Structures are given as C-alpha cells and as structure tokens.
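Contents: one structure, followed by commentary.
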Amino acid sequence: MSSVNYDTRIPNNVDLAGDRRLQRALERWQPAFIHWWRDMGPADSLNHEVYLRTAVSVDRDGWANFGYTRMPEYRWGVFLAEPVPQRKIGFGDHKGEPVWTQVPGDYRAALRRLIVIQGDTEPASVEQQRFLGQSCPSNYDLRNLFQVNVEEGRHLWAMVYLLHAYFGRDGREEAQALLERRSGDADRPRILGAFNERTPDWLAFYMFTFFTDRDGKFQLYSLAESAFDPLSRTARFMITEEAHHMFVGITGLSRVVQRTCQVMSGMRTDAVREHGVIDLDTFQKYVNFHFSVTLDLFGAEVSTNAANSYTAGIKGRFHEDDIADDHRLTDAAYTVDQWIDGAVKTVEVPALNALNYRLRSDFINDVKAGIDRINRVIASHGIAFEVKLPHVGFNRRIGSFAGVHFSPDGEPLSDEQWQAKHGEFLPTQEDRAFVRSLMPAAITEPGKFANWIAPPPRGINQQPTDFEYVRLD
Ligand code: BYC
Ligand code: FE
Ligand code: FE
C-alpha cells in the first residue's frame, strides 16, 4: 500500500517531495485553486463543518476516511492507483509494447487536449452547482452535494498534476487556464456544451449526477485504458470516487419519484403539483433534457479524432480487454445510426471512426438499467407511467443529428412543429419555476426532509439519516 504523505502541503502518493520543481509548481498553483474555490465553490459554505470522506491512501481501507472538515481545508491531493506490473499497451498501433511513463512527442498535443478537456469539466460542475446549498432538501443531501463538489475539485487536481508533471510550460499555462474559464460565461466558457448549462435546482442536480457524471464514468474508463500510464492510473482512482456521484444521482431521482408516487396513490390524483411534489410529466421533461445534453458529450458519432486517439493508444474503449477482437480495428466495421438525406439510416462505417458512438452505446445501456430501477419504483405503487429515454436524435447539438428536430419518439419535426411542441418535451420556464418554488430555502435541521422528496433508506457511512452531516456555522 502506498500511504499519502501529509507532511507536505499537498497529500500525494507520487513522491512529490522527490521532485522539488514539480512540488513548487503545484504549491504555486494551490493558492490559485483555493482562491477559485472561495470565489466559485459552494456559496456560503466556508465555515460549515462537513462530514466528508477524504482519501488517505488508494487501497481499499484508505480512501474512504470520514470526518468533519471545513471545505477550504479539505486535503485535496494527488493519488494514482497502484501501477500494474509489466503493463502492456492494450490496443492500437502500439499494442503489446510497454506502456509509456513519459509523453511521446508525437502524441503530446493530442494527450494534452484530452487531459485539458477532462480537467475543464471538473471545476465547471462545481461552478454549476454553486448555489444549490441554498435550497437543499435536507442536511443529508447538503453533505452529499459537498462531497461531490470536493471530489470534483480533486479530479481537477488530478489533471493539473498531469499537466504540471508531464507537459512543461504549456502544461502550467493550461493548468492556470482551468481556473480562469467559467461555466456559462459568454467570453470564457467551459469547453464542452453540457458544462455551460445551469444546474438551477435539485431535480437538475440529481439528473446531472445520474446522466452527466455517468459520462464521466465512461470517459474515465476509456482513459484508464491509455498507454500513457500516469493518465491510466489517475483515471482508475477517479473511477472509484465517481461511484458515489452516480449513487447520489440514482438515489436522488428514485426518492423524488417515490415521494411523487406516494402522493399520487394517497390522493388518487394525477394533479400532484398542488400537493407540493414533482409531477411525473415534469420529471420526464427533465430526463429528456439531461439525456440529450449528455449525449452531446460523446462527440460526433463518426469521428477521426476518436480514431486517431485509439490508433495512437491514448484513449481506448470501455473494458477494452473484455472485447474479443484484434484491438487494432484497422479492418473492422461498425454500424451506426446517422441522419442521411433526410432520414435516420443505419450504416456501416470503419469501426475506428465509430468509437464515440460505441462508447455512447455502452453509456446508454448503463443509463437504461438506472431508468428501469426508477420505473420499478413507479410500478411498485401500481401507477401506470413509464419514464422513457428520448430518441438519440432528440435535442442534439453535436454530431449527425445536430440541426435536425425530433420528437422524443424519434419522429422528425419541421422547425414550425418544433417551435409549437418543444414545450411538451423539454422543461419550460414555467416548469422550472414550479420546481424551484418547491425549494424556497435550505432545510438543514438533521432528520428533516423537504416534502417533495422521500428520505433515504439509510445514511452515509452507517450513520443514521438524522445524523448531523453538516454543522452549519
Ligand atoms: N461540446 O470529432 P469530435 C466528467 C468538438 S464528463 C463542445 O466528435 P472527439 C464529469 C470537439 O472538441 C467526461 N464541443 O471530437 C462529469 C472537436 O473540436 P476540434 C469528460 C464539442 O474528440 C460530471 C469537434 O467538436 N471527459 O468527467 O472525438 C461532473 C469535433 O468533434 C463537443 C471527456 O470528455 C461538445 N459536447 O470527441 C464532472 C474525455 N463534442 O478538436 C466531471 C476527454 C465535440 O475539432 N474528451 N466537440 O476543435 C474526449 O475524449 C473528446 O474530446 C470528446 C469529443 C469525447 C469530448
Ligand atoms: Fe469528476
Ligand atoms: Fe463526478
């Protein structure tokens, strides 16, 4: 086991003390990060004591240590999963060669780009969630929000470490720029579309952690395959943290639906808004929005960027080793759905170019399992309603379906039809105002829960649900 060195200002298992230049560079970046956290991290939270898990080592026992921490004092650190001895490159032109411990000159720009894109999403999500603490449904949920936020902060650290350690001066400049872009800013936006949307209410937060953090999971799994071993090891440790974020998403959504169904069956009515819970039609509209926006994060269905990354060995497929093929794909084909000549067509393309599509399909399968779970909650109340995922062409801005309008059922719509109907498919201003109206203020008294959400079945780290997870200042 490699334990974390707490003597230095930056907890790490990468022997920072053995590289003074790197250590000094990160120690210079650290105050800028704290400054960013105070400016753009969770609002009004600086003095709360929060029951958080902090990694103290990367093995099974060490990475989930719980205790009260004030968030600006959270020990953000640099942790890489243990190296796999004799690890070999698993795919692409370099398949079978030893993995790289340095960045090959030929792939420097491509690797830096992927690391910067990954790094950019992490602080972006914290910015998007900045004000949610002011309307939390419980003390328990407030703690989960903060846990997600500090870990996204740590994921930023993870990418900044790679930039500083392996990319010299331009890496340091990119690390600085990661603190300068702002989610939703007209002049300096975050890089990817979904990370410039707002996360204005708690239903959106659970949707985001259900859908968008799950994109994180799949992207990290493909980066974990990378021939660049430090990126692979970094991604592997991030994946273990990611599980909690998706837990927050699926349990949050399930609790929302459970509460709605309780009211629907208790009142024998579909008109539940007046009873202060979220109606299932509005829930479905939020699903339509977050699913479609998250699909855009997989890039274009057919992409030479993705082909080049794979061939170079810098980004693999989900569970690459479990796939039974040659792991080079130079002669393979793959079928993808595309918008061609005014219709959705299933066409064969070179498998190398279809890697974004393939990862997106893996993601959709995982999402479906979660949606099934939500539908089982509804069915258990004897209510005839099924949450459905919209068609992959619905509301897209990236890839083959961008610029074409579809109904959630996959029916192509004219501009006029879309204008007339999109309010039935996507949350309207009025829907969003209604959801926000359910969350007028933070509920922070331990054990108390907002009316629109069921309490969780159990607490965090075997604590009761009425535990004081956040001690407010
Ligand atoms: N928005 O050939 P394409 C997470 C650009 S989430 C704006 O398809 P590629 C997290 C694209 O950059 C995981 N622009 O690109 C979750 C390209 O531009 P250039 C984040 C977009 O490279 C919750 C052009 O369009 N990690 O961790 O195959 C909370 C052509 O596109 C978008 C990663 O994404 C977009 N949505 O695929 C916290 C992994 N999509 O270069 C954290 C790293 C595409 O021609 N990123 N474009 O100017 C990648 O692997 C790839 O860059 C992408 C895009 C999958 C994102
Ligand atoms: Fe993350
Ligand atoms: Fe996450």
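Quick note: the coordinates plus some simple rules give every number you see, no bench work behind them. Because the structure is predicted, anything quoted here is derived from the model rather than measured. Note: ideal-geometry Cβ built from the backbone for every residue, glycine included; neighbour counts use all protein chains shown.
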For each pair in Lys95/Lys315; Lys217/Lys285; Lys285/Lys448; Lys345/Lys388; Lys315/Lys368; Lys345/Lys421, compute the distance between the two Cα atoms and list the pairs where it is over 18 Å. Lys217/Lys285; Lys285/Lys448; Lys345/Lys388; Lys315/Lys368; Lys345/Lys421
Treat the count of other C-beta atoms within 10 Å as a stand-in for reagent exposure and order Val392, Val84 from fewest to most. Val84, Val392
Nonlocal amide H pairs with Phe228, under 5 Å, H built at 1.01 Å: Trp100
As a check on your grasp of the helix formula, calculate [θ] at 222 nm for the chain: sum -39500 (n - 2.57) over DSSP H runs of n ≥ 4, divide by the residue count, round to the nearest 500. -15000 deg cm²/dmol
Across segment 80-87, in residue order, what do the Karplus-derived ³J(HN,Hα) couplings come to in whole Hz, using 6.51 cos²θ - 1.76 cosθ + 1.60 with θ = phi - 60° and x for Gly and Pro? 10, 4, 4, x, 8, x, 6, 4
What trypsin sites (Lys or Arg not before Pro) in segment 352-458 are in a loop by DSSP, with at most 14 other Cβ atoms within 10 Å of the Cβ? Lys388, Arg397, Lys448, Arg458
Hey, got the dipole for the chain? About the Cα centre, +1 on K and R Cβ, -1 on D and E Cβ, debye to the nearest 20? 820 debye
With x for Gly and Pro, the residue-by-residue ³J(HN,Hα) of segment 16-25, computed from phi through the Karplus equation 6.51 cos²θ - 1.76 cosθ + 1.60 at θ = phi - 60° and given in whole Hz, is 4, 4, x, 9, 4, 5, 5, 4, 5, 5
If amide H atoms are built 1.01 Å from N in the plane of the peptide, which residues on other chains or at least 5 residues away come under 5 Å of the amide H of Arg328? Gly92
Amide H of Phe406: which non-local residues (sequence gap of 5 or more, or other chain) have their own amide H closer than 5 Å, using H built in the peptide plane? Asn395, Leu413
Considering only DSSP states other than H, G, I, E and B, which trypsin sites (Lys or Arg not before Pro) in segment 25-71 qualify as loop sites with at most 10 other Cβ atoms within 10 Å? Arg60
Net charge near Val367 (other residues with Cβ under 13 Å of its Cβ; Lys, Arg +1; Asp, Glu -1) is +1
By the scheme Lys and Arg +1, Asp and Glu -1, what is the net charge of all other residues having a beta-carbon under 13 Å from that of Arg154? -3
Rounded to 5, percent antiparallel among DSSP beta bridges of segment 16-471: 95 percent
For each of Thr269, Thr199, Thr234, count neighbouring Cβ atoms within 10 Å of the residue's Cβ, then give the residues from fewest to most. Thr269, Thr199, Thr234
In sequence order, what are the phi-derived ³J(HN,Hα) couplings for segment 240-251 according to the Karplus relation 6.51 cos²θ - 1.76 cosθ + 1.60 with θ = phi - 60°, rounded to whole Hz, with x for glycine and proline? 5, 6, 4, 4, 5, 5, 6, 4, 4, x, 5, 6
Taking Cα centroids, how far is segment 407-442 from segment 88-136 in Å? 33 Å
